[in-house]
Amino acid sequence: MLVRMFNFWYFFWILIGAGLTALLYFLLKNKSDKVKKWAIFSILAFALVLHFLKLLIPPYSTDETVRLRDIWFINICGANIFLFPFIFLSKSKYAKDYMFYLGVISGFLALVYPTEAIGKTVENPFVLDTIRFYIHHIIIFMGPLLMVLLGVHKISYKRVFSAPIGLLLVMLFIMLNQVLQSEIGFTNLRNEDFFAIGYRNNSFIWGPGEDALAQIFVIFSPKIFRVIPFGPYAGQEKFWPWFWIIVPVFVYVTPLAFLLCMIFDRKAFISDIKNLYIKIKNKFKKEA
């Protein structure tokens, strides 16, 4: 099994994800709400358990540095694996909207651009981690989507900002994980280079680094958050952790979430626009 962009195994896992989602939808669509909820929760809980079971396979079972670093929730998908079961059990419509938007978006992107899986072969002991990678990201995509498709939760375009705000809060959660990791000895403290962001830079929280893809975020980042304001390095370029990506998150995530929402809440949006138009029209008539 060698995963390359657009080869057999690349499409194999995408089809597995789509097939499992469709199969579970048709198996559950006529079941009671209780059965639907328990089924979706079980899937999400399994993903969380699998996160810890990965300690039994390479590279986590053979490399202590990787094991101590990656058992924490240090990227967006990892954080969502931890948070989704609890969000699903909560009564917060905003949190569940976030779960749907970011689950579908991040899970889909991970399947169409599987950076962690590309290049790992069957001769490589990390092949089990490749399978684990796909299981996790299929669930990240499938669980929230089934939640909406099966009517367990109804999203609303009025709560679309739960996507960027929720993502920024999750990024803070990731930062807290990384700080705790270093402060209690799970990973090394930052090096002496003030400008280095190193391996900690999951999800671009600490800056864009040298990643070419990250440059699409830089163009919307205010300059104030890209320059050191005080101290011996004042005036030099350094991205403020988390702050630098606030505006880009709103710029990119909000329209993506809105487009997703229009698949399921289009009628409500159109109805509200029509009602608003009528109110404005009547107001101008009265004034005339």
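The values are calculated or read from the model by the stated rules, or taken from the named source; none is laboratory data. Values in this document were obtained by computation on a predicted structure and should not be read as measured data. Neighbour counts are summed over all protein chains in view; Cβ atoms, including those assigned to glycine, are modelled from backbone coordinates with ideal geometry. Note: areas computed on protein heavy atoms with side chains; ligands, DNA, RNA excluded. Shrake-Rupley method; radii C 1.70, N 1.55, O 1.52, S 1.80 Å.
Does residue 97 satisfy the criteria of being within 24 Å of residue 109 (Cα to Cα), at pLDDT 95 or above, within 17 Å of the chain's Cα centre (by Cα) and among the acidic types (Asp, Glu)? Considered against the rule, which asks whether it is within 24 Å of residue 109 (Cα to Cα), at pLDDT 95 or above, within 17 Å of the chain's Cα centre (by Cα) and among the acidic types (Asp, Glu), residue 97 comes out as yes.
Results for (1) on the phi > 0 side of the Ramachandran plot; (2) β-branched (Val, Ile, Thr); (3) in contact with a helix residue (DSSP H, G or I) (Cβ under 7 Å, 6 or more places away or on another chain), shown as yes or no for each residue.
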{"position": "220", "(1), (2), (3)": "no, no, yes"}
{"position": "227", "(1), (2), (3)": "no, yes, no"}
{"position": "237", "(1), (2), (3)": "no, no, yes"}
{"position": "248", "(1), (2), (3)": "no, no, yes"}
{"position": "257", "(1), (2), (3)": "no, no, yes"}
{"position": "260", "(1), (2), (3)": "no, no, yes"}
{"position": "264", "(1), (2), (3)": "no, no, yes"}
{"position": "279", "(1), (2), (3)": "no, no, no"}
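State the number of residues belonging to the range 29-77 that are more than 22 Å from residue 205 (Cβ to Cβ) and part of a loop (DSSP other than H, G, I, E, B). Going through the range 29-77 one residue at a time, the tally reaches 11.
The selection criterion, being of a type outside the set (A, V, I, L, M, F, W, C), modelled with pLDDT of 95 or more, surrounded by 15 or more Cβ atoms within 10 Å (Cβ to Cβ) and not in a helix (DSSP H, G or I), does not hold for residue 137.
The condition of being among the hydroxyl-bearing types (Ser, Thr, Tyr), under 20 Å from residue 102 (Cβ atoms) and open to solvent by 30 Å² or more (accessible area, probe 1.4 Å) holds for only one of 42, 61, 90, 32, that being 90. Considered as a group, the residues in the range 115-134 that are in a helix (DSSP H, G or I) and open to solvent by 30 Å² or more (accessible area, probe 1.4 Å) include one that is modelled with the highest pLDDT, and that residue is 131. Residue check: residue 206 meets all listed conditions (1) in contact with a Pro (Cβ under 6 Å, 6 or more places away or on another chain); (2) open to solvent by 60 Å² or more (accessible area, probe 1.4 Å); (3) more than 30 Å from residue 265 (Cβ to Cβ) but one, namely (2).
Among the residues of the range 172-188, just one is open to solvent by less than 50 Å² (accessible area, probe 1.4 Å) and assigned to a loop (DSSP other than H, G, I, E, B), namely 187.
For the range 140-159, a residue qualifies if it is among the β-branched types (Val, Ile, Thr) and either out of contact with any helix residue (DSSP H, G or I) (no Cβ under 7 Å at 6 or more places or on another chain) or open to solvent by 10 Å² or more (accessible area, probe 1.4 Å) (or both), and the qualifying residues are 148, 152. Among the residues that make up the range 226-235, is at least one of them open to solvent by 80 Å² or more (accessible area, probe 1.4 Å) and assigned to a helix (DSSP H, G or I)? Checked against the condition, which is being open to solvent by 80 Å² or more (accessible area, probe 1.4 Å) and assigned to a helix (DSSP H, G or I), the range 226-235 yields no hits at all. Considering the conditions (1) free of Cβ contacts under 8 Å to residues at least 12 places away in the same chain; (2) under 25 Å from residue 98 (Cβ atoms), residue 205 is excluded by exactly one of them, (1).
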